[in-house]
1. Working from Cα positions, state the angle (0 to 90°, nearest 10) between the long axis of helix D:99-109 and the longest principal axis of chain D.
2. Along the axis that rotates chain A into chain C, which residue of chain A has the nearest beta-carbon, and what is the gap in whole Å?
3. May I ask for the angle, rounded to the nearest 10°, between helix D:246-269 and the longest principal axis of chain D, with both axes built from Cα atoms and the value confined to 0 to 90°?
4. For chain D, report the convex hull volume of the alpha-carbon atoms normalised per residue, in Å³, without decimals.
5. Given a Förster distance of 60 Å, report the FRET efficiency between A:SER178 and C:ALA146 from their Cβ-Cβ distance, rounded to the nearest 0.05.
6. What does the average come to when, for each residue of peptide C:33-40, you count the partner chain Cβ atoms lying within 10 Å of its Cβ?
7. Please sort by residue number the GluC sites (Glu not before Pro) in region A:170-258 whose DSSP state is loop and whose Cβ has at most 14 other Cβ atoms within 10 Å.
8. Mind running the shape call on region D:1-42? Use the C-alpha gyration tensor, a ≥ b ≥ c as the square roots of the eigenvalues: rounded below 1.5 for a/c, prolate if a/b tops b/c, oblate otherwise.
There are 4 protein chains.
Amino acid sequence: MPGTAVMLLTCPDRPGVVAAVANFIAAHGGNIVHAEQHTDAVEGIFFQRVEFALDGLDLPHEDILDAFRPVAEQFGMRVDLRFTDRRQRVVLLASKQPHCLYDLLTRWRTGELAADLVAVVANHPDHAGICQHMGVPYHHLPVDPADKAAQQQAVLDTLRDLQPDTIVLARYMQILPSFVVDEFPRRIINIHHSFLPAFVGANPYRQAYDRGVKLIGATAHYVTEDLDEGPIIEQSVDRATHRDDVASLTRKGRDLETIVLATAVRAHLEHRVLVYGNKTVVFS
Amino acid sequence: MPGTAVMLLTCPDRPGVVAAVANFIAAHGGNIVHAEQHTDAVEGIFFQRVEFALDGLDLPHEDILDAFRPVAEQFGMRVDLRFTDRRQRVVLLASKQPHCLYDLLTRWRTGELAADLVAVVANHPDHAGICQHMGVPYHHLPVDPADKAAQQQAVLDTLRDLQPDTIVLARYMQILPSFVVDEFPRRIINIHHSFLPAFVGANPYRQAYDRGVKLIGATAHYVTEDLDEGPIIEQSVDRATHRDDVASLTRKGRDLETIVLATAVRAHLEHRVLVYGNKTVVFS
Amino acid sequence: MPGTAVMLLTCPDRPGVVAAVANFIAAHGGNIVHAEQHTDAVEGIFFQRVEFALDGLDLPHEDILDAFRPVAEQFGMRVDLRFTDRRQRVVLLASKQPHCLYDLLTRWRTGELAADLVAVVANHPDHAGICQHMGVPYHHLPVDPADKAAQQQAVLDTLRDLQPDTIVLARYMQILPSFVVDEFPRRIINIHHSFLPAFVGANPYRQAYDRGVKLIGATAHYVTEDLDEGPIIEQSVDRATHRDDVASLTRKGRDLETIVLATAVRAHLEHRVLVYGNKTVVFS
Amino acid sequence: MPGTAVMLLTCPDRPGVVAAVANFIAAHGGNIVHAEQHTDAVEGIFFQRVEFALDGLDLPHEDILDAFRPVAEQFGMRVDLRFTDRRQRVVLLASKQPHCLYDLLTRWRTGELAADLVAVVANHPDHAGICQHMGVPYHHLPVDPADKAAQQQAVLDTLRDLQPDTIVLARYMQILPSFVVDEFPRRIINIHHSFLPAFVGANPYRQAYDRGVKLIGATAHYVTEDLDEGPIIEQSVDRATHRDDVASLTRKGRDLETIVLATAVRAHLEHRVLVYGNKTVVFS
C-alpha cells in the first residue's frame, strides 16, 4: 500500500478554508483519499483531517510543511502532519494484569496495529516470557517502595532511550509523575476502568458495586497532569445486574478495558484523533 | 389471563428456605409459574421473587400473608405480597417536556402497562389537551415563584386524594420535598438525564458536553430524600461524538430517557423490583 | 436559523473534485458549514455531502444548479440539491398498530422533525382521533378484501393530491404495489420488524422465536419493487432470551421499530442519505 | 472454593416440581446456592438449573443420581448432573486465524476459564510456538487436499485419545464430518462470523458488504449435522457503515467473534446452558 500524508488542521472558522486546503493539494499533484471536517459552532473553531496520496505529489515529505505555510498563516492554522509510510514507535507500560497487554501484543503481531512495538516496560517480571516469545524487548523496572522516585526516573530514562512516538499504559498501576508526562504531551494513552467522570480514583469496580449501577464502563484518555481528567478518546459500557459482585464486575470490565483501549490506540495510530482543549475530535 | 400472586422475599441466607417457600405454595394447591432467587454472598442475604397461580389456591387473597407467617418468622423474612389481578393506580407528574409523558400515555393506551392511569399532575397547562383526548384527568398545579411551598402542598393534597400505588416523575422539573417523598417510599420513580453518578445536579447534558464524553446516559431510580442518590432501577447510554453540541445531546438524550423510564416503570409494575439498602434487585 | 443548501454528489473518483466543489462555493460567496466525503475504493466512486450557507451566496436558489453545471459535467457528477429552508411535505401511512405513528406525530409536534406533516393515510379508522387532536388531516382508505386494487388506486390518488416529498410506512400492513412505488423512487421509507436479511416475509418475530436467536432486530429501508430488499438506512437490535415468547419479542420489537424508523426518517429529512445501487451512504 | 453440584432438569410442567427438588436437596443436607427456573408456556416444559453445595451433603458424588431417581421418575425428568470440583477437559480446534485461539488461551491462563485445556488441534503449524510457550500440547494435523477424509479420521482419533468434555472450534476452517460430530453431541461449540440466520455459508462479511447492512454479527452455537443450524448460545453485533469494506468488516468482526465465542464457552463451562430441541436455555 503506497503511503499517504495526513494533515490535522485547527483554525478559526472562516469561509474558504476547505477550498484553500484542497487547492494546495491539487496544485501539487496530490489526490485526497479521505477528508473530514468539523466545525465547533459554539467556539467558532474549524477542524479538518485531510489524507492525500504521496504518490504523484511533487513535494518530498520534508518540504510539505514549508510549502503549506502560506495557507496555514493565512487562516491562522495549527498544522499537524503525519505520514503513514513512517511507522510509529510504540512502547507499552504494564504491571501484573495481562489482558490489555496480551491483546495489544496479539493485534500487533497479526498486523492490525500499523506500528513498531519497540518495547514493553513493566514494574513486574511476569510478562517477560510472552514478550520474549513474541520478540519484543522487555524492560523490568521494579518499584522500591522506599524510593519510588528512582523507578520513575528509570522509566523516564528508558523512554528517552526508546524515543517512542506513542506510549500506552496497558493497565500500568503506577503513577506517572508530571516530569514524565510533560515530555510526551498528547502521546500517552491510559485506560481507566470506569465510565469517567463517574468513579474517579481507586477501586472503581468497588465504587460501582457500592452504588448499585446497572452499567459499568471503561474510558481511554490521554494522560495529563490531572489524573483521570485528560481528553477522552473512547468509552464503552456493559450491563451489570444485582448478580454481579466486585469480582464479576472486574471480570466483565477486563473485556471492556481491552476493547476500549485497543479502539483508542488504533484511532491514535491512524492519526484520527485531534486534541483541542480538554476534548478530542475523533475522525471516522 | 387468570391472576397470580407475587411474593418478594428478603431474609438472611440459610439452608432450606427455597424448600420451605415451595412447600407452602404446593401445600395450598398453588402452582409456581416463575421463581427466581439471588444470594448476596457478601452481605449474606437471600432474595426471592416467586409468582404462583391464584387459580386452584385454597386461600383467598387476604389470608395468604397470615397463612405464610410461620414460614416468614422461621426464616426472619421481609415479605412483600402483590397480586396481578389488582391493577395498580399510577399518577404521572410532568412539566413542559412531553417525550416521557407521551410515551407512557401511549404505552398505557396500547395495553403495554398493566395499570390504571388515574391522573396526570403538572405545573404547566401544556398537556391538558392530549390527556383529555386520552381520557386521563389532568391536574394543573402552577408554581408561584414567590411561594413554591403552596404548590408543593397542593401536589401532596392531590396525591393523597388520588391514592396512587406508584408515582412517575416524567421529566417533572420541580423539586419534590421530603414531606411528599416520605409518604410514598419506594413508590416514586424518577428519570435523571445522565449516567449517574456522573453529572449529578442541573444541566447534565451541558456537563457532558464540557467534559467531552463519548457516551451519554440516563438513569431511572426511586426517589429518596437525597436528590439523584436513590436506588437505581435502570440505566442506558448512547454514543456521543465531537459533532454533538448541547442541543443534539439533549435530543439524543430524550430517546434514552423515554426508553429507560418506560423500562423501569414496567419492571416496577410487574413487581420485579426489590429494594434493599440503596440498591435494587431487578428480577428478569 | 438561516437556510443552507445541501448538495449530494456522486461521481467517478478523480483528483481535484473536492477542490472544484469548494472553489465553486467559495467563488459565489458561500461558506461550507459541513462537508463529508466518502470514496468507495472497490467501485471507484466518490460521494460527497456538502452543506453551505445560503446567506451571502450571490445566487438565488433556482440558479445554483445551472451555475454548478460546468463542474458537474467536468467530473461526470450526479447532483442532488436540497434546501433546508424549504420544508419537506411528509405523508405517513399506517394501519392498526400505533407505536411508530404516535412516535412520529410526537416528534413532529415537538419540532424534532423539520418537515410539514401534511396527512396520515390509513386503512383503519383507529387513529383519526389522535390526528384530529394534533391537527393532521386523516384519510381513511379501507381495504375491500374482494377488491384490494381499488384501495391501492385510492392510495395513489390521495398521494398524488398530497404531493409528498417523503412517504413513511409507519407499520403500514398492506402491500404497496409497484405502480405506487414507481412514482416515488427513493422517497418511501419502510420499517421491517427483523434484522434483514434474516427473517424476510411474514411473522419475523415468530420466525425469530422458532430459531431461538439471542437478538432481535429492526430495519428501516427504502421501498423498492422487491419486498424487504430495498437499500437499508438503519438497523438496530435488542437482546432476546429463552424467557421471550412471541408476545414479548413483539413488545420489545415495538421499541426497536420506533427508534429505528425515527432515526432513518430524521437522516432522510436532514438530507444525509445518498442511495447508490442497493446501498446507502448515511452521512453523519 | 469448595465444590458444588449443578443439576440441569427438564420435565413436563407440573405443580410441585420446585418443592420436590428443593426438598430432596434439603433432606440430604445440601444448601442451594443458586436456582433458576423457566417454563416454556407454549410447549408446557419446565426447566431448572439448581446448584447446591457439596459441603455438608450426606451423599458422595456418585450416589446423588441414584438417590434422586425417585424424584426424576415421578416428574418424568431428564437430569444432567455436573460437579464444579471436577474440571472439564477442553480441546481447541484451530486453523490459521489466531484471534479466538489466543483469546481463549489468555483467558485460560489467567484463570478465567475453570477448565483444563488439554490440547490444541490444528490443520496448520502456525500456533505451535505460542502453545509451547503456554504449555499446551499442539497437534498439527495437516489436510491433504487429495484425501481430506484422512485428516478427518486423524482428528477423530486424536479427540478419542484426548477424551474432551468440550470441544471449541476457534475459527477452525475445516468441515467437521458427522462421524465426528455424532460422538460429541452438545459438546462442540462453533463460532460463525455472522448474525445467523443471516448470511449462512461462506464469506459472510462479503455477503454483508454486498447487502449494505448497518450491523454485522457473530453467533456461537452447538455443532449439529446441519451446518450453521445448531442451537444458538450467544450472539452479538457491531455497527457497520458505508465506510466499511470487506476488510474492515472482517477486522471488526474479529472482536465480535472473540467476545461471543468466549461468552458462550464460559456459559457452557459454568453449566449454564441447557439444550432442548434446537434451542438453548442460558441461565444467568
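1. That works out to roughly 40 degrees.
2. Residue plus distance in Å, as requested: A:ALA22, 3.
3. With rounding to tens, the tilt is 20 degrees.
4. Expressed per residue, the convex hull around the Cα atoms of chain D is 147 Å³.
5. It comes out at approximately 0.15.
6. The per-residue average across the peptide is 5.
7. For GluC sites (Glu not before Pro) across region A:170-258 that sit outside H, G, I, E and B with at most 14 neighbouring Cβ atoms in 10 Å, the list reads A:GLU183, A:GLU225.
8. Oblate is the answer for region D:1-42, as a/c is 1.5 or above yet b/c matches or exceeds a/b.
Since every read-out is calculated from the coordinates, none of them should be taken as a lab result. Note that the structure is a prediction, hence the values are computed from the model and not measured. Virtual Cβ from ideal backbone geometry, glycine too; neighbours counted across all protein chains shown.
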